[in-house]
Amino acid sequence: MNIFDILGPVMVGPSSSHTAGAARIGYVSRKLLGDTPVFAEILLHGSFADTGIGHGTDKALVAGLLGMQPDNLDIPKSFEIAKEKGMEFKIGKIQLEDVHPNSVQLNLKSKSGRELKIQASSLGGGRICINRIDDIETNFTGEYPTLIVHNLDQPGHVAEVTSMLAHKSVNIATLNLYRNKKGGYAVMIIETDQEIPADSIKWLSKVEGVIKVTYLNVRE
(Lines give C-alpha, C1' and ligand atoms only; values in the text may rest on other atoms or scores of the structure.)
Protein backbone atom coordinates (compact mmCIF):
# COMPACT_ATOMS: atom_id res chain seq x y z
CA MET A 1 0.00 0.00 0.00
CA ASN A 2 1.28 3.50 -0.82
CA ILE A 3 0.31 6.98 0.34
CA PHE A 4 -2.14 7.40 -2.56
CA ASP A 5 -4.08 4.32 -1.44
CA ILE A 6 -4.51 5.99 1.96
CA LEU A 7 -5.33 9.51 0.81
CA GLY A 8 -7.39 8.50 -2.21
CA PRO A 9 -7.37 9.84 -5.77
CA VAL A 10 -7.03 13.44 -6.93
CA MET A 11 -10.54 14.02 -8.19
CA VAL A 12 -13.58 16.21 -8.70
CA GLY A 13 -16.01 15.19 -5.89
CA PRO A 14 -18.10 14.46 -4.06
CA SER A 15 -17.37 10.72 -3.86
CA SER A 16 -14.35 8.57 -4.72
CA SER A 17 -16.57 5.56 -5.46
CA HIS A 18 -19.54 7.29 -7.11
CA THR A 19 -17.63 10.03 -8.93
CA ALA A 20 -13.90 9.26 -9.33
CA GLY A 21 -14.51 5.54 -9.84
CA ALA A 22 -17.32 6.22 -12.29
CA ALA A 23 -15.13 8.60 -14.31
CA ARG A 24 -12.41 5.97 -14.45
CA ILE A 25 -14.86 3.31 -15.59
CA GLY A 26 -15.94 5.58 -18.43
CA TYR A 27 -12.34 6.41 -19.31
CA VAL A 28 -11.19 2.78 -19.41
CA SER A 29 -14.30 1.79 -21.39
CA ARG A 30 -13.48 4.45 -23.97
CA LYS A 31 -9.95 3.01 -24.22
CA LEU A 32 -11.36 -0.48 -24.70
CA LEU A 33 -13.70 0.75 -27.44
CA GLY A 34 -10.77 2.52 -29.10
CA ASP A 35 -12.61 5.76 -29.80
CA THR A 36 -15.11 8.25 -28.41
CA PRO A 37 -18.53 6.56 -28.52
CA VAL A 38 -21.16 8.03 -30.78
CA PHE A 39 -23.78 6.32 -28.61
CA ALA A 40 -23.71 5.07 -25.03
CA GLU A 41 -26.43 3.32 -23.07
CA ILE A 42 -25.56 3.68 -19.37
CA LEU A 43 -27.41 1.28 -17.06
CA LEU A 44 -26.86 1.86 -13.33
CA HIS A 45 -27.09 -0.91 -10.72
CA GLY A 46 -27.48 -0.93 -6.94
CA SER A 47 -26.12 2.10 -5.11
CA PHE A 48 -25.19 3.67 -8.43
CA ALA A 49 -28.86 3.49 -9.40
CA ASP A 50 -30.21 4.60 -6.00
CA THR A 51 -27.91 7.53 -5.18
CA GLY A 52 -25.63 7.91 -8.18
CA ILE A 53 -27.33 10.87 -9.80
CA GLY A 54 -27.06 12.87 -6.58
CA HIS A 55 -23.35 12.05 -6.45
CA GLY A 56 -22.80 12.92 -10.12
CA THR A 57 -22.19 9.31 -11.17
CA ASP A 58 -24.05 9.79 -14.45
CA LYS A 59 -22.02 12.88 -15.36
CA ALA A 60 -18.77 11.22 -14.30
CA LEU A 61 -19.42 8.17 -16.52
CA VAL A 62 -20.18 10.41 -19.51
CA ALA A 63 -17.08 12.49 -18.75
CA GLY A 64 -14.90 9.38 -18.72
CA LEU A 65 -16.35 8.26 -22.04
CA LEU A 66 -15.35 11.66 -23.41
CA GLY A 67 -11.77 11.04 -22.25
CA MET A 68 -11.78 13.02 -19.00
CA GLN A 69 -9.76 11.86 -15.99
CA PRO A 70 -11.28 11.97 -12.45
CA ASP A 71 -9.58 15.31 -11.68
CA ASN A 72 -10.97 17.13 -14.72
CA LEU A 73 -12.88 20.24 -13.66
CA ASP A 74 -15.24 19.90 -16.63
CA ILE A 75 -16.85 16.70 -15.29
CA PRO A 76 -19.98 18.57 -14.05
CA LYS A 77 -20.45 19.91 -17.61
CA SER A 78 -20.04 16.54 -19.33
CA PHE A 79 -23.63 16.36 -20.62
CA GLU A 80 -23.24 19.66 -22.44
CA ILE A 81 -19.81 18.70 -23.79
CA ALA A 82 -21.15 15.35 -25.04
CA LYS A 83 -23.86 17.19 -26.96
CA GLU A 84 -21.27 19.51 -28.51
CA LYS A 85 -19.14 16.53 -29.56
CA GLY A 86 -22.07 14.63 -31.01
CA MET A 87 -22.08 11.79 -28.47
CA GLU A 88 -25.60 10.57 -27.78
CA PHE A 89 -26.36 8.77 -24.54
CA LYS A 90 -29.24 7.55 -22.45
CA ILE A 91 -29.23 6.60 -18.78
CA GLY A 92 -31.34 3.94 -17.12
CA LYS A 93 -31.29 1.30 -14.41
CA ILE A 94 -30.55 -2.43 -14.45
CA GLN A 95 -30.63 -5.28 -11.92
CA LEU A 96 -27.42 -7.30 -12.21
CA GLU A 97 -26.67 -10.53 -10.35
CA ASP A 98 -23.74 -11.21 -8.00
CA VAL A 99 -22.01 -7.86 -8.50
CA HIS A 100 -20.67 -5.01 -6.37
CA PRO A 101 -23.40 -2.47 -5.44
CA ASN A 102 -21.54 0.29 -7.30
CA SER A 103 -21.85 -1.27 -10.74
CA VAL A 104 -22.81 -0.23 -14.26
CA GLN A 105 -23.37 -1.79 -17.64
CA LEU A 106 -22.27 0.23 -20.67
CA ASN A 107 -23.47 -0.57 -24.19
CA LEU A 108 -21.23 1.41 -26.52
CA LYS A 109 -20.98 2.07 -30.23
CA SER A 110 -18.11 3.86 -31.99
CA LYS A 111 -17.95 5.90 -35.20
CA SER A 112 -16.58 2.88 -37.05
CA GLY A 113 -19.57 0.80 -35.98
CA ARG A 114 -17.74 -1.25 -33.37
CA GLU A 115 -19.97 -2.24 -30.47
CA LEU A 116 -18.86 -3.16 -26.97
CA LYS A 117 -20.76 -4.26 -23.86
CA ILE A 118 -18.93 -3.63 -20.60
CA GLN A 119 -19.90 -4.40 -17.02
CA ALA A 120 -17.76 -2.67 -14.37
CA SER A 121 -17.70 -1.86 -10.67
CA SER A 122 -16.28 0.97 -8.56
CA LEU A 123 -14.54 -0.55 -5.54
CA GLY A 124 -13.80 2.63 -3.56
CA GLY A 125 -10.91 5.05 -3.48
CA GLY A 126 -11.16 5.50 -7.26
CA ARG A 127 -10.30 1.82 -7.89
CA ILE A 128 -12.37 -0.11 -10.41
CA CYS A 129 -12.80 -3.59 -11.85
CA ILE A 130 -13.89 -4.42 -15.39
CA ASN A 131 -16.00 -7.50 -14.64
CA ARG A 132 -17.31 -8.53 -18.04
CA ILE A 133 -16.79 -7.67 -21.71
CA ASP A 134 -19.41 -8.85 -24.21
CA ASP A 135 -20.85 -11.18 -21.53
CA ILE A 136 -17.50 -12.93 -20.93
CA GLU A 137 -16.01 -12.74 -17.42
CA THR A 138 -12.81 -10.64 -17.31
CA ASN A 139 -12.08 -9.06 -13.88
CA PHE A 140 -9.14 -6.69 -14.38
CA THR A 141 -8.39 -3.24 -13.01
CA GLY A 142 -7.02 -1.32 -15.99
CA GLU A 143 -4.03 -0.21 -13.94
CA TYR A 144 -1.57 -2.16 -16.14
CA PRO A 145 -1.24 -2.44 -19.91
CA THR A 146 -3.84 -5.13 -20.64
CA LEU A 147 -4.20 -7.43 -23.64
CA ILE A 148 -7.61 -9.00 -24.21
CA VAL A 149 -7.73 -11.79 -26.78
CA HIS A 150 -11.04 -13.31 -27.88
CA ASN A 151 -10.42 -16.62 -29.63
CA LEU A 152 -11.82 -20.03 -30.40
CA ASP A 153 -11.18 -22.48 -27.58
CA GLN A 154 -8.50 -24.46 -29.43
CA PRO A 155 -5.02 -25.74 -28.44
CA GLY A 156 -2.08 -23.44 -29.08
CA HIS A 157 -3.51 -19.96 -28.71
CA VAL A 158 -2.12 -19.34 -25.23
CA ALA A 159 1.32 -20.51 -26.36
CA GLU A 160 1.22 -18.21 -29.41
CA VAL A 161 0.38 -15.17 -27.31
CA THR A 162 2.85 -15.83 -24.50
CA SER A 163 5.64 -16.65 -26.99
CA MET A 164 5.00 -13.37 -28.81
CA LEU A 165 5.22 -11.42 -25.55
CA ALA A 166 8.46 -13.19 -24.58
CA HIS A 167 9.94 -12.42 -28.00
CA LYS A 168 9.14 -8.72 -27.45
CA SER A 169 10.60 -8.81 -23.90
CA VAL A 170 7.21 -8.06 -22.36
CA ASN A 171 6.79 -9.55 -18.88
CA ILE A 172 3.39 -10.97 -17.88
CA ALA A 173 2.07 -9.65 -14.56
CA THR A 174 -1.18 -11.66 -14.53
CA LEU A 175 -2.85 -14.07 -16.94
CA ASN A 176 -6.44 -15.27 -16.70
CA LEU A 177 -8.36 -17.56 -19.03
CA TYR A 178 -12.12 -17.77 -19.46
CA ARG A 179 -14.42 -19.67 -21.81
CA ASN A 180 -18.16 -20.12 -22.22
CA LYS A 181 -17.82 -23.87 -22.88
CA LYS A 182 -15.27 -26.49 -23.97
CA GLY A 183 -14.39 -25.90 -27.62
CA GLY A 184 -16.44 -22.70 -27.66
CA TYR A 185 -15.55 -19.04 -27.16
CA ALA A 186 -12.56 -18.16 -24.99
CA VAL A 187 -10.92 -14.99 -23.68
CA MET A 188 -7.39 -14.33 -22.44
CA ILE A 189 -6.81 -11.38 -20.10
CA ILE A 190 -3.11 -10.57 -19.81
CA GLU A 191 -1.76 -7.69 -17.71
CA THR A 192 1.86 -6.79 -18.48
CA ASP A 193 4.66 -4.77 -16.93
CA GLN A 194 5.70 -3.24 -20.25
CA GLU A 195 3.74 -1.78 -23.14
CA ILE A 196 3.02 -4.11 -26.06
CA PRO A 197 4.23 -2.92 -29.50
CA ALA A 198 1.49 -2.01 -31.98
CA ASP A 199 2.89 -4.32 -34.68
CA SER A 200 2.59 -7.29 -32.31
CA ILE A 201 -1.06 -6.53 -31.62
CA LYS A 202 -1.69 -6.20 -35.36
CA TRP A 203 0.00 -9.56 -35.99
CA LEU A 204 -2.01 -11.21 -33.24
CA SER A 205 -5.32 -9.98 -34.66
CA LYS A 206 -4.59 -11.91 -37.88
CA VAL A 207 -3.73 -15.24 -36.24
CA GLU A 208 -6.10 -18.01 -37.30
CA GLY A 209 -8.69 -18.67 -34.62
CA VAL A 210 -8.38 -15.23 -33.05
CA ILE A 211 -11.71 -13.42 -33.21
CA LYS A 212 -10.89 -10.03 -31.69
CA VAL A 213 -7.96 -8.34 -29.97
CA THR A 214 -8.36 -5.38 -27.61
CA TYR A 215 -5.42 -3.57 -26.05
CA LEU A 216 -5.78 -1.22 -23.11
CA ASN A 217 -2.95 1.11 -22.14
CA VAL A 218 -4.11 3.86 -19.78
CA ARG A 219 -0.54 5.21 -19.66
CA GLU A 220 -0.91 6.59 -23.18
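Relative to the Cα centre, what is the charge dipole magnitude of the chain, using +1 at the beta carbon of each Lys and Arg, -1 at the beta carbon of each Asp and Glu, and rounding to the nearest 20 debye?
Details: 23 positive and 25 negative charges, 82 e Å.
Dipole about the Cα centre, nearest 20: 400 debye.
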message: To the nearest 20 Debye, how big is the dipole of the stretch 114-220 about its Cα centre, given +1 on the beta carbon of each Lys and Arg and -1 on that of each Asp and Glu?
response: 220
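Once you charge only the Cβ atoms, +1 for Lys and Arg and -1 for Asp and Glu, what is the size of the charge dipole of the stretch 173-220 about its Cα centre, to the nearest 20 debye? Display every interim value, and only then the final one.
Numbers: 7 positive and 6 negative charges, 84 e Å.
Computed charge dipole of the stretch 173-220: roughly 400 debye.
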- prompt: Which of N102, P70, A82 sits closest to the plus end of the dipole of the stretch 54-126, meaning its Cα is farthest towards the positive end, when Lys and Arg get +1 and Asp and Glu get -1 on the C-beta?
  reply: A82
task: If a/c stays under 1.5 just call it rounded; otherwise compare a/b with b/c (prolate if a/b is bigger, oblate if not). Do that for the stretch 37-107, with a ≥ b ≥ c from the square roots of the Cα gyration tensor eigenvalues.
output: prolate
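Nearest 500 deg cm²/dmol is fine: what mean residue ellipticity at 222 nm does the chain get from its DSSP H runs of n ≥ 4 alone, each adding -39,500 (n - 2.57), divided by its residue count? List each step's numbers first, then the result.
Values: 7 runs with 64 residues, N = 220.
Calculated from helices alone, the mean residue ellipticity at 222 nm is -8500 deg cm²/dmol.
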field: Cα→Cβ-extended label distance, 7 Å offset, between S110 and D199, nm
entry: 2.2
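Tell me the per residue accessible area of the stretch 64-220 using a 1.4 Å probe; a whole number in Å² is fine.
Details: 8300 Å² over 157 residues.
I get 53 Å² per residue for the stretch 64-220.
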message: Could you tell me which residue out of V158, L44, G92 lies farthest along the dipole of the chain toward its positive end? Charges go on the beta carbon: Lys and Arg +1, Asp and Glu -1, centred on the Cα centre.
response: G92
13 Å cut-off, amide nitrogen to a point 7 angstrom out along A173 Cα→Cβ, residues in the stretch 189-220: 190-196, 216-220
field: Rough spin-label spacing in nm, given labels placed 7 Å along Cα→Cβ, for D71 and H150
entry: 3.5
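Shape of the stretch 91-166 from its Cα gyration tensor (a ≥ b ≥ c, root eigenvalues): rounded if a/c is under 1.5, otherwise prolate when a/b > b/c, or oblate? Let's see the in-between values first.
Numbers: a/c = 2.06, a/b = 1.59, b/c = 1.29.
Cα axes put the stretch 91-166 in the prolate bin.
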- prompt: Percent of accessible area on the chain owned by carbon and sulfur, 1.4 Å probe?
  reply: 50
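Remind me, what semi-axes does the chain give for its equivalent ellipsoid, largest first in whole Å, using sqrt of 5 times each Cα gyration tensor eigenvalue? All intermediate terms of the calculation are to be shown ahead of the outcome.
Working: eigenvalues 177, 69, 57 Å².
For the chain, the semi-axes come out at 30, 19, 17 Å.
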task: Determine the shape class of the stretch 123-220: with a ≥ b ≥ c the square roots of the Cα gyration tensor eigenvalues, call it rounded for a/c under 1.5, and otherwise prolate if a/b is greater than b/c, oblate otherwise.
output: oblate
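The values are calculated or read from the model by the stated rules, or taken from the named source; none is laboratory data. All of these numbers come straight from a predicted model, not from anything done at the bench. Don't worry about glycine lacking a Cβ; one is built from the backbone with ideal geometry, like all the others, and counts go over all protein chains shown. Please note that ligands, DNA and RNA were not included when accessible areas were found on the heavy atoms of the full protein model with its side chains. Shrake-Rupley method; radii C 1.70, N 1.55, O 1.52, S 1.80 Å.
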